[in-house]
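In what follows, a structure is listed as structure tokens, so that the remarks can point back to it.
Read the figures in this text as sums done on the coordinates, not as results from a lab. Small disclaimer: the values here were computed from a predicted structure and weren't measured. Here the Cβ is made from the backbone with ideal geometry for all residues, glycine too, and neighbour counts use every protein chain on show.
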Amino acid sequence: MNRISETTDIPVGISACVMGEEVRFNGGHSQSRICQNQLAKHFKFQPFCPEVAAGFGIPRPTMRLTGDPANPTLIFSKPPSENAGDPEKDPGNPQLHDLSKQLTDACQPMLDRCEQLDGFILKKDSPSCGMERVKIYQPSGHPHEERGAGLFARELMQRYPNLPIEEDGRLNDAQLRENFVMRVFAHHNFRTEVAGQPSFHNLLQFHSSYKYLLMAHNQTAYRELGKMLAVAHNEPLDALLKTYQQQFMSAINTPASRGSHCNVMQHIMGYLKQSVESSARQDILNVFEQYRLGEVNLITPMTLLSHYINQNGSEYIRAQRYLEPYPPHLGLRNQV
Ligand code: SF4
């Protein structure tokens, strides 16, 4: 198992404008400082602009989604000016300007490459890249109440339901950022340690190392995955890995609450019963309580716990990814 702090080249896709490339319709960018300054230290970003790939050019007219919210169409927000007013070229039928196929066809090579990625960061609100809440317009020009995903994002999510995907704007939220980065590392670990060298033994090792992290995020999935593996040794491996990964990634999809973290930290404390004297144990429990009440952030109890686990913990407990799910110097536990 690689030390997580040494991992520096996790492949993650990103909307090119979020990476700072000047590919927006107006020739600008939407650079994210979090991606540029913090995440780029460990993620090897692979920028992609669906609209440039589709040949729409820079600058280009703005685009929007229109029609059926369940299956929207990409069109120019206004017909290209050279056609405006020409009844033959611009008869007012938005279908004439349907850009959906041109865009989705151009995205296919990138979508194929996404099999080798461990996450994707998308630009919010874009009719191509937006992950959710993208406006879909009615023929009247007013948006439907129902929102949707941009066309590239939609295909990405359908094809790779286990891939951690987040929007640039949501990464400003410390909890969502922490959860996204944790999922990217978990996806990477599964892809390289289990899917890349498939065996029941490797799956068990992976599961064992993620036990407490799973417990913090979803107690039900933690129990069910444990039960599933207990009787799965004769199952066809391909199907087992697929089911396991799907249930595992979905279980860690939402941030763990302070209460869940406290519960897990108390479980881990059980491993220190014999080796840490009771007054020190009480001090640690007091810090857990401060964390539960929101007086300190997760880094405080985790640093204390990790200190004692590193000194006195068994190999099994020291190998728990919960203690270090991503490189500590990212500072993500300082903020949640
Ligand atoms: S949001 Fe997507 S399509 Fe639009 S400029 Fe950024 S990368 Fe290109």
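Structural remarks
- Pairwise alpha-carbon distances in the range 4-170 exceed 28 Å for 23% of all pairs.
- Taking amide H as placed 1.01 Å from N in the peptide plane, Met63 has its amide H under 5 Å from the amide H of Ser77, each at least 5 places away in sequence or on another chain.
- Pairs beyond 24 Å (Cα-Cα), from Lys44/Lys124; Lys41/Lys101; Lys41/Lys242; Lys101/Lys123: Lys41/Lys101; Lys41/Lys242
- Distance between the pseudo-spin-label points of Ala280 and Glu146 (7 Å out from Cα toward the beta carbon): 6.0 nm.
- Measuring nothing but how far apart in sequence close Cα pairs (under 8 Å, 6+ apart) lie, relative to its length, the chain scores a relative contact order of 15 percent.
- Taking every DSSP helix (H) stretch of at least 4 residues in the chain, weighting each as -39,500 (n - 2.57) and dividing the sum by the residue count yields a mean residue ellipticity at 222 nm of -12000 deg cm²/dmol.
- Long-range HN-HN contacts of His144 with modeled amide H, under 5 Å: Ile136, Tyr137, Gln138
- Residues considered: Gln38, Gln108, Gln282. Largest GNM mean-square fluctuation over the chain, using C-alpha springs under 10 Å, is found at Gln282.
- Estimated inter-spin distance, Gln266 and Lys44, nm [label 7 Å along Cα→Cβ]: 4.4 nm
- Förster radius 22 Å - calculated FRET efficiency between Gln175 and Ala195 (Cβ-Cβ, nearest 0.05): 0.20
- Extension gain for the segment Glu115 to Thr8, taken as residue separation times 0.36 nm less the Cα-Cα distance, is 36.6 nm to one decimal.
- Whole-Hz ³J(HN,Hα) from phi, Karplus 6.51 cos²θ - 1.76 cosθ + 1.60, for the range 248-260, glycine and proline x: 5, 5, 5, 5, 9, 5, 10, x, 7, 7, 4, x, 5
- Bridgeable aspartates and glutamates around Lys273 (alpha carbons under 17 Å apart, same-chain partners fewer than 8 residues away excluded): Asp283, Glu315.
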